[in-house]
Amino acid sequence: MKYLLVAVNAFNSKITYRSNEITRLVMRLMQVMMSIMMWHFLYGARVTVDGYTAASMTKHLIITNLAAIIFTTAPIFRLSGQVRTGTLTNLLFRPISVYTEGLATFLGGQIIYITLMFVLIIMQLPQLGLTTVFLLLVFVSACLLMFYTLTMVLGATSFWIVNIWPLRSAVNAAYLLLGGLYFPLSFLGKRYTLLLSLNPFSLVGDVPAQLVLGTTSTSIFVYLLAVAAWTFLLACTGLSCEMD
């Protein structure tokens, strides 16, 4: 119950400062529209590009950019701020899990976009079938846990690094390159697609779009296994950092 209250407070905070959120959404929408217009221009008279029609490319860009809003790097700097200001010490004295408290804050703040993603997946029920849609919902849920764990591990570096703001540029660059925000990773070559898609940034961006559109021949169970492996590895890394 206490973590539910944390999530509700995070949601209320998001609503209270909605002008900031609206500004961020408008900027993201402008980026998506520019990408869509660019791709429609590149298509010209061509029906498909590497198996993607203009309509499927538009869907791909919408899904990956929605995923980029959901899988935000904000928890990295929230934890860093707690370390820097000393508020993390206050949390450690309370009978709560810092990890679960942060996860509840993350989910509460992103619940609107998570719901929107789930609705978008459920809308594909006629094309994908009940089993695939259910597995996709499980996959996205697992990705939420994996990516949050990744941000916590990165945020924990603030115990050793005074200023972790340069990490924002590195993480954003990795997301832009591997998340499929501008083009599907399959465009980089079929032989490298699977290898490239097994990193955390591709698993939360490009892979969900490919699974929804049905443009990948790789089983969803392979991606679920990759997410589970990354979550376990990151959790072990976080525990080792805590012990140090």
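Where a number appears in this text, it was derived from the coordinates with a stated rule and is not lab data. Keep in mind it's a predicted model, so treat the numbers as computed, not measured. Please note: Cβ atoms are built from the backbone with ideal geometry, for glycine as well, and neighbour counts cover all protein chains shown.
Flag not set for PHE221, criterion: over 17 Å from the mean Cα position of the chain (by Cα), within 22 Å of ALA54 (Cα to Cα) and aromatic (Phe, Trp, Tyr). Is it true that SER186 is of a type in the set (Ser, Thr, Tyr), surrounded by fewer than 17 Cβ atoms within 10 Å (Cβ to Cβ) and farther than 17 Å from VAL138 by Cα? No; evaluated as a whole, the condition is false for this residue.
Close Cβ contacts (under 7 Å, 6 or more residues apart or on different chains) running from residues in segment 19-34 that are closer than 19 Å to LEU116 by Cα to residues that are aliphatic (A, V, I, L, M) and assigned to a helix (DSSP H, G or I) comprise ARG28/ILE69; VAL32/LEU61; VAL32/ILE62. Restricted to helices (runs of 4 or more DSSP H) entirely inside segment 99-188, no element has at least 2 residues that are over 24 Å from THR237 (Cα atoms) and in contact with a His (Cβ under 7 Å, 6 or more places away or on another chain).
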